Amino acid sequence: MNKVVGALRRTFGIVREHVGTDHLGNKYYFVPEQKTWTGRHVHAKRMVQAFNPIAFEYMEGSIPTEWDAWIRGRRKEPPSVEELAKNEAYRQQIKLKAKECEEKDALLKAKEFKDGLVAMPSKTVAKGHAAATSFGKEDISEEPTSTANTFQPGSWRPNPKN
């Protein structure tokens, strides 16, 4: 059988073997090590045929992490359906726990603010830099100012054209 398959591969070119499909519709293939009809040696490859092959519409996370590890050669065997389901359930469980922790943290912060243990965050909007003498002032003086040992030159404005 292997001789027949090898002859067909050499005759018709590189043959890829379908390994699996993920829940997003991406198809995964394995191209075994083989020789072409010209005798050229082709190394084994792992490849994915994306469900949405348009490059600019690709988003991170379009390939599940288990399949990504298989494609990059970090694991020998492709992931099973049971493994994918188990890992997805685990990810959902982690998301729920994270949400519960955030809710507990928000309640704890509210209680601390109520008890006066933590100051409420201020909601001020400041323009400019606090070190500048014009900080908080609406208009900037053209005259130089001096406060104690510091000197701040006035702002220069060109004369208006008449």
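Checking each residue of region 49-71 against the condition of being modelled with pLDDT of 85 or more, assigned to a loop (DSSP other than H, G, I, E, B) and open to solvent by 60 Å² or more (accessible area, probe 1.4 Å) gives no match.
Quick check on region 117-127. Is at least one of its residues over 23 Å from VAL19 (Cα atoms), modelled with pLDDT under 90, of a type in the set (S, T, N, Q) and open to solvent by less than 60 Å² (accessible area, probe 1.4 Å)? No, that holds for no residue. Every listed requirement among (1) at pLDDT 70 or above; (2) assigned to a helix (DSSP H, G or I); (3) open to solvent by 60 Å² or more (accessible area, probe 1.4 Å); (4) closer than 30 Å to GLU17 by Cβ is met by ASN87 save one, (3).
The values are calculated or read from the model by the stated rules, or taken from the named source; none is laboratory data. None of the values given here were measured: they were computed from a predicted structure. No Cβ is skipped: glycine too gets one built from the backbone with ideal geometry, and neighbour counts run over all protein chains shown. Accessible surface is based on the protein model in full, side chains and every heavy atom, while ligands, DNA and RNA are left aside. Shrake-Rupley method; radii C 1.70, N 1.55, O 1.52, S 1.80 Å.
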